[in-house]
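*Asks:* This is the structure I want to talk about, given as C-alpha cells.
None of the figures in this text is laboratory data; all of them are computed from the coordinates on show. All values derive from a computational prediction rather than experimental measurement. All Cβ positions, glycine included, derive from the backbone under ideal geometry; neighbour counts span all protein chains shown.
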Amino acid sequence: MHVIVITNRKGGTAKTTVAVNLAAELAARQLRVLLIDLDSQGHCAVGLGVRVEGASRTVHHLFRDPSARLADVIQETTVSNLSIAPADTLFNHGQGEGNDLRLKQAMADADLALRFDIVIIDTPPSLDALLMNALHAGTRVMVPYVPHHLSFEGVRQLVRVLFPIMTGPNRALKVLGFLPTMASDSFRLHRSVNAAAAGDFGADRLLPAIRNDIKLSEAMGAGRPIRQFAPSSRGAQDFAGLADEVLRRLEMPQPSAAVG
Ligand SMILES: Nc1ncnc2c1ncn2[C@@H]1O[C@H](COP(=O)(O)OP(=O)(O)OP(=O)(O)O)[C@@H](O)[C@H]1O
Ligand SMILES: [Mg+2]
C-alpha cells in the first residue's frame, strides 16, 4: 500500500485540489483509494460532496481517543473506489501534539492494507504535529507549489523538515515529486521557472504541471472531482496526465480510466 502525503508549508498551493482530483483519477483506474484529510479546514469532504456526521466519524478523532480505529471513521464517497477519512472542522490543531506516530499506528491495521491500494493524505499548511504524523505514516511525499520565483523558499523550508525524517524515523519515505500548480500558459515564464525548479530539486523530480483552470475551483465548489464535473477541461486532462506519471513512478500497472 502506497501512502502519498501531499504537503507544502505554504497555504493555497493547491494541496487539497491535488489530493481530491488525483484520488478521483486513480480511483477511476480501478485502484482502491483512501483519502485522509488531516486539515481541519475540511475541504476534501467539501470537494467530494461528502457530509460529515459527528466528530467521532473523523480522522481527528484518532488524536482524541487513543483506542479509536481508522476503519471506523472511513466513509464511502459517490466516486466508486474512493473512500474518505474526513476532517473534524472543530479540531484544534494543538490537540495533536505529543505523538507523531498516532496516524502510523492507526494505519498499521492489516484490514486497511487489504482494502486499499493507495492512501492519499492531505495536510494543513502548517508545520505542526498533524503534518509530522503524515510524514511518519507516508511512503511518498508530493509537494504542489505555485511556480513563480518567490515560491521556492517555502519548499526549501519543507525539504529541511523532510530530510531528517527520511534519514531517521521514516526511511520508507521518498520524494514522489514537486508539482507545479496553477501554472501559467505563458511559455517563457513557465520555462524560466521550471529551469529554476529543476536546478533546485533536480529535473527528474518535477512532475507534469497542473495548469491554471477556473473549472478546478468550480468543481470544488460543486463538490465533484474535475473528471466528472468538466471531463474535457484542461484541469481534467492535466490530472489524467499526473495520474499516469504517478503510477509510472510508483511502478504500478496502468489500467485505463473508466468514463464518468
Ligand atoms: N490549477 C488551478 N487553477 C485555478 N485555480 C486553482 C487551481 N488549483 C487550485 N486552485 C484554486 O486555488 C485555491 C487554493 O487551492 P487549494 O485549496 O487546493 O490549496 P491548498 O494548498 O489546499 O490550500 P490550504 O493551504 O489553505 O489548505 C482554491 O480556490 C482552488 O480552487
Ligand atoms: Mg488545503
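*Asks:* Tell me which residues, restricted to region 108-133, are more than 13 Å from ligand 1 (Cβ to nearest atom) and either under 16 Å from the mean Cα position of the chain (by Cα) or under 24 Å from A209 (Cβ atoms) (or both).
*Replies:* The answer is F116, D117, I118, V119, M132, N133.
*Asks:* Within the group H43, H2, H61, which residue is within 16 Å of ligand 2 (Cβ to nearest atom) and not acidic (D, E)?
*Replies:* When all the criteria are applied, what remains is H43.
*Asks:* Can you tell me which residue is surrounded by the fewest Cβ atoms within 10 Å (Cβ to Cβ) among those in region 73-88 that are in contact (Cβ under 8 Å) with a residue 24 or more places away in the chain and under 17 Å from K104 (Cβ atoms)?
*Replies:* My answer is I74.
*Asks:* Are any of the residues in region 196-206 out of contact with any strand residue (DSSP E or B) (no Cβ under 9 Å at 6 or more places or on another chain) and touching a residue at least 40 places away in the same chain (Cβ under 8 Å)?
*Replies:* Yes.
*Asks:* Being surrounded by fewer than 24 Cβ atoms within 10 Å (Cβ to Cβ) and in contact with a strand residue (DSSP E or B) (Cβ under 8 Å, 6 or more places away or on another chain) is the filter here; which residues of region 53-72 pass it?
*Replies:* R57, L70
*Asks:* Can you tell me which residues in region 18-49 are touching a residue at least 60 places away in the same chain (Cβ under 8 Å) and more than 16 Å from ligand 1 (Cβ to nearest atom)?
*Replies:* Across region 18-49, the qualifying residues are L26, A28, R29, Q30, L31, R32, V33, L34.
*Asks:* Looking at region 220-234, which of its residues are in contact with a Gly (Cβ under 7 Å, 6 or more places away or on another chain) and either buried (at least 21 other Cβ atoms within 10 Å of the Cβ) or on the phi < 0 side of the Ramachandran plot (or both)?
*Replies:* M220, R224, I226, Q228 - these are the residues of region 220-234 that are in contact with a Gly (Cβ under 7 Å, 6 or more places away or on another chain) and either buried (at least 21 other Cβ atoms within 10 Å of the Cβ) or on the phi < 0 side of the Ramachandran plot (or both).
*Asks:* Tally the residues that are in contact (Cβ under 8 Å) with a residue 60 or more places away in the chain and surrounded by fewer than 18 Cβ atoms within 10 Å (Cβ to Cβ), restricting the search to region 130-150.
*Replies:* 1
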